[in-house]
Amino acid sequence: MLIKKLRVGNIVNCLYPKNGVKNILTRQKGRIERIAKNGTWVTLEREDGSYRTLSASKMVNATVVS
C-alpha cells in the first residue's frame, strides 16, 4: 500500500479528482510537507509553490518519485 511508503520530503505524482469531488482527474505533483497521524491526508507543496491537501483514498495511480 502506498500510504506505508509516504514520508515527509518524498515527491509524489498522482491523479486527483478536480476540486476533490468531480469525475475529472488532474495531475498533482509535489513534495510532501505533512502527513496526518492516521495517514489519510497528505499536504503537498506543489512545483508552483502552492500547497494542496489531498485525501490518500482519492489518489489515483499515485507513485513516489523519490
For this session: Select from the range 1-12 the residues that are in a helix (DSSP H, G or I) and either aromatic (Phe, Trp, Tyr) or without any contact (Cβ under 8 Å) to a residue 60 or more places away in the chain (or both) and list them in ascending order.
Result: 3, 4, 5
Problem set entry | Filter result (in contact (Cβ under 8 Å) with a residue 12 or more places away in the chain, assigned to a loop (DSSP other than H, G, I, E, B) and surrounded by 11 or more Cβ atoms within 10 Å (Cβ to Cβ)) within the range 13-63 | 39, 40, 59
Problem set entry | Filter result (within 15 Å of residue 51 (Cβ to Cβ) and at pLDDT below 90) within the range 1-38 | 20, 36
For this session: Those residues that are farther than 16 Å from residue 10 by Cα and in contact with a Ser or Thr (Cβ under 8 Å, 6 or more places away or on another chain), I need them from the range 41-66; list them, please.
Result: 55, 57
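The values are calculated or read from the model by the stated rules, or taken from the named source; none is laboratory data. Small disclaimer: the values here were computed from a predicted structure and weren't measured. Here Cβ is always computed from backbone atoms with ideal geometry, including for glycine, and neighbour counts include all displayed protein chains.
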